[in-house]
2 protein chains.
Amino acid sequence: MNKAAIVGVGHSKFGVRRDASLRELAFEAVRECLSDANLSLSEIDASVTGVCISELAREVNPSFPIADYIGMNPKPDFRVASACATGSAAIRTAWMGISSGLYDVVLVIGAEKMTESPTPVVTEVMGRGGDVQWEYAYGTTFPGYYAMMANRHMHEFGTTHEQLAMVAVKNHRNALDNPYAQFRKEINVEKVLGSPMVAYPLTLFDCCPLTDGAAAVILASEEKARKITDTPIWLVGLGLATDSHTLSNRETLVGIPASTIAFKQASKMAKVTHKDIDVVEVHDCFTIAEIMAYEDLGFCEKGEGGKLIEEGVTEIGGEIPVNTDGGLKAKGHPVGATGVSQTVEITKQLRGEAGKRQVEGAEVGLSHNVGSSGQSVFVHIYRR
Amino acid sequence: MNKAAIVGVGHSKFGVRRDASLRELAFEAVRECLSDANLSLSEIDASVTGVCISELAREVNPSFPIADYIGMNPKPDFRVASACATGSAAIRTAWMGISSGLYDVVLVIGAEKMTESPTPVVTEVMGRGGDVQWEYAYGTTFPGYYAMMANRHMHEFGTTHEQLAMVAVKNHRNALDNPYAQFRKEINVEKVLGSPMVAYPLTLFDCCPLTDGAAAVILASEEKARKITDTPIWLVGLGLATDSHTLSNRETLVGIPASTIAFKQASKMAKVTHKDIDVVEVHDCFTIAEIMAYEDLGFCEKGEGGKLIEEGVTEIGGEIPVNTDGGLKAKGHPVGATGVSQTVEITKQLRGEAGKRQVEGAEVGLSHNVGSSGQSVFVHIYRR
């Protein structure tokens, strides 16, 4: 397996972006990414584009207008998707392209435009990320799936809504220092508990927002990477596991089993253990998702996630900082972009370029990206 | 670049499949594929799933229910797409996975369920494969795009509707001997010319049908392939090129430039020239598309495609047999499955297992799969 490294990163402003179409958001991230890598588009061999929801893009194949608009034609490009883990699927594909020797330098684009359609339409379409035949048909939407997990987690382990709320508080605080974040406003536990109920126990501030945005990274082969940059960030571990499309067929409601499997694959490939990992991005689409991720990824025992956030372990400055960029919760969650955005943050952390949210001396990072309610989980491990 | 070979193929019956859902169609193809390779699912490392139109699947991420239903969980799987070339994108991805060393044995699934939704909805959704901002908005649907190309081709080169019709006649004749084909009925030139007008000059019989169906192949690393089968079919050349999302920005209307570029990449990688190639699958979504493919792939000069079909060169028994399985035109075109189905046919031809439609002594084959109206083109070259 030939090595591949991240040699450039770019990010659009996340938020309600009435000023930019899908293709324009992608361009915003790509332009910054090329500039960061000090490359021109002519030096890129191919691209891989992650857009999750063609229904919202109103294009059958949303990678076509993006590749066209940013100027990739006639170079190779296609679309990959894995629901909310679409961005990580794109990065995995680019890694395979480079490691196989087919490409030397690959641009990865993740983008989504979610706020243009009426919210009920988006909620319906997103709900169709669950099983349309057996679960969605009975009224489940995304907050419902995660609310079921939260209720069971509280029941089995005594996890409290206050602990869930602390995830939101931490991630909003981290986003204060991320200029790309959708929400840059400090909140407190009372604010979360007192916000409108979405699906018991999850209130509005337990849920990530709908977001427009894009992120981009450039991966390169070892030879090219060393020419392009003095600080290549090596993608050294890849994990991908899948699970039942219906929640009712999973072995547990208090975790996402595919996270554990994907972590094992990635850590084995990267030859790292938990104590080697300095900075982590997890998929906090709802506060309970971050608590479960702590446990499923093995940063604490099952059921101890609430305590981990309470004790400040996952704060910047804590033992294992999580979602230093604000996470899906406060940075925003343009679904096709999220996995790529996580890679952008880890790359900046490992380069030492994360500014006020820098984790001192970070050498190994991990990103964790969940498709739908756990149908797919991608874990990537990165090394300076 | 490590080698990869096709070691198993499977195919569902194509057609109006009211008896089977998307996941059931996929299973039908996968079951046959595993049986063909004499493998159990436990011997598969990962899968790649191509489904093009989530709007018709009514699932945001249609690979989830498929992976679940066929029993892939918890193994790696994600979705790839490139409009009507989705199946070939899946094969390219599987090749990269194996060549990189990440996987040894990969299942590729292509599937689409198109006849369940009302035809006007399908026509609208398919039309959105064109540029929604600049062209679809003015009323273009797929037959319209290809009709414009046909008109220009007739104008510039004197190509006749009779010549276009001969493509349909040939492909219907070839489909007679393909038990998986949607249409197994001989037609003649008069039938094509006299069928209802869809978009001048294209009549109903110039157009491929809407189809439900699935196809599957298994790719394996060199070491595994030699253990699994005595007749591995090596995927030796890969080409992928893209072009403008709008037809109006293309350099020509009488061809699909990305086909020529993709052919050059694939033939260079495979170290073959036209005279080495024994059997070809091209993307004949409309009869004019097959004529243009002859030219764009270099099997004749630009403008000579009409003559090629007239002279019988592309018939089984001719110098360069094209669409021996009936092509999209008569076999049917379940968009996500088509690229995989092409690979199934070439594999059977190179194994010498194509029955009555066998091209004698075929050693090298090529498949050509077009996304939308030429926004992407994949070319694969295979060797016995």
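Here is the figure for region A:80-91: residues that are among the aliphatic types (A, V, I, L, M) and more than 7 Å from chain B (Cβ to nearest Cβ) total 3. Residues that are within 12 Å of chain A (Cβ to nearest Cβ) and either in contact with a strand residue (DSSP E or B) (Cβ under 9 Å, 6 or more places away or on another chain) or within 13 Å of B:Ser372 (Cβ to Cβ) (or both) within region B:248-272 comprise B:Arg250, B:Ile256, B:Pro257, B:Ala258, B:Ser259, B:Thr260, B:Ile261, B:Ala262, B:Lys264, B:Gln265, B:Ala266, B:Met269, listed in sequence order. Residues in region B:126-144 that are farther than 17 Å from B:Leu210 by Cα, part of a helix (DSSP H, G or I) and either more than 12 Å from chain A (Cβ to nearest Cβ) or of a type in the set (A, V, I, L, M, F, W, C) (or both): 2 in all. Among the conditions (1) within 27 Å of B:Leu56 (Cβ to Cβ); (2) in contact with a Ser or Thr (Cβ under 7 Å, 6 or more places away or on another chain); (3) not in a helix (DSSP H, G or I), the only one that B:Ile320 does not satisfy is (1). Residue under question is A:Ile381, and the condition is that it be aliphatic (A, V, I, L, M), crowded, with 24+ Cβ neighbours inside 10 Å and over 24 Å from A:Trp234 (Cα atoms); does it hold? Taking the combined requirement at face value, the residue does not satisfy it. Among the residues of region B:1-55, those identified as assigned to a helix (DSSP H, G or I), closer than 30 Å to A:Val122 by Cα and among the charged types (D, E, K, R) are B:Arg23, B:Glu24, B:Glu55. Every condition in (1) touching a residue at least 40 places away in the same chain (Cβ under 8 Å); (2) under 23 Å from B:Leu193 (Cα atoms); (3) surrounded by fewer than 17 Cβ atoms within 10 Å (Cβ to Cβ) is met by B:Asp276 except one, and the failing one is (2).
Once region A:90-115 is narrowed to residues that are among the aliphatic types (A, V, I, L, M) and in a strand (DSSP E or B), the residue that is nearest to A:Val335 (Cα to Cα) is A:Ala111. Scanning region A:257-310 for residues that are of a type in the set (D, E, K, R), closer than 21 Å to A:Val167 by Cβ and either assigned to a loop (DSSP other than H, G, I, E, B) or in contact with a Leu (Cβ under 6 Å, 6 or more places away or on another chain) (or both) yields A:Asp278, A:Asp284, A:Glu301, A:Lys302, A:Glu304.
Being at pLDDT 95 or above, buried (at least 17 other Cβ atoms within 10 Å of the Cβ) and touching a strand residue (DSSP E or B) at 6+ places or on another chain (Cβ under 7 Å) is the requirement here; does A:Leu210 meet it? No, not satisfied. What are the pairs, 6+ residues apart or on separate chains, where a residue within region A:23-41 that is assigned by TED's automatic domain parsing to the domain that holds A:Ala225 has its Cβ under 6 Å from a residue that is assigned to a loop (DSSP other than H, G, I, E, B) and not hydroxyl-bearing (Ser, Thr, Tyr)? Pairs that qualify, where the first residue is assigned by TED's automatic domain parsing to the domain that holds A:Ala225 and the partner is assigned to a loop (DSSP other than H, G, I, E, B) and not hydroxyl-bearing (Ser, Thr, Tyr), are A:Leu41/A:Gly71.
Is it fair to say A:Val192 is β-branched (Val, Ile, Thr), buried (at least 24 other Cβ atoms within 10 Å of the Cβ) and not assigned by TED's automatic domain parsing to the domain that holds A:Ser82? No. When the residues of region A:92-125 are narrowed to those that are within 11 Å of another protein chain (Cβ to nearest Cβ), buried (at least 24 other Cβ atoms within 10 Å of the Cβ) and of a type outside the set (Ser, Thr, Tyr), which ends up nearest to the chain's Cα centre (by Cα)? Restricting to residues being within 11 Å of another protein chain (Cβ to nearest Cβ), buried (at least 24 other Cβ atoms within 10 Å of the Cβ) and of a type outside the set (Ser, Thr, Tyr), the top hit is A:Arg92. When the residues of region B:1-36 are filtered to those that are among the basic types (Lys, Arg) and within 14 Å of chain A (Cβ to nearest Cβ), the one that is nearest to B:Ile381 (Cα to Cα) is B:Lys3.
The values are calculated or read from the model by the stated rules, or taken from the named source; none is laboratory data. All values reported here derive from a predicted model rather than from experimental measurement. Note: ideal-geometry Cβ built from the backbone for every residue, glycine included; neighbour counts use all protein chains shown.
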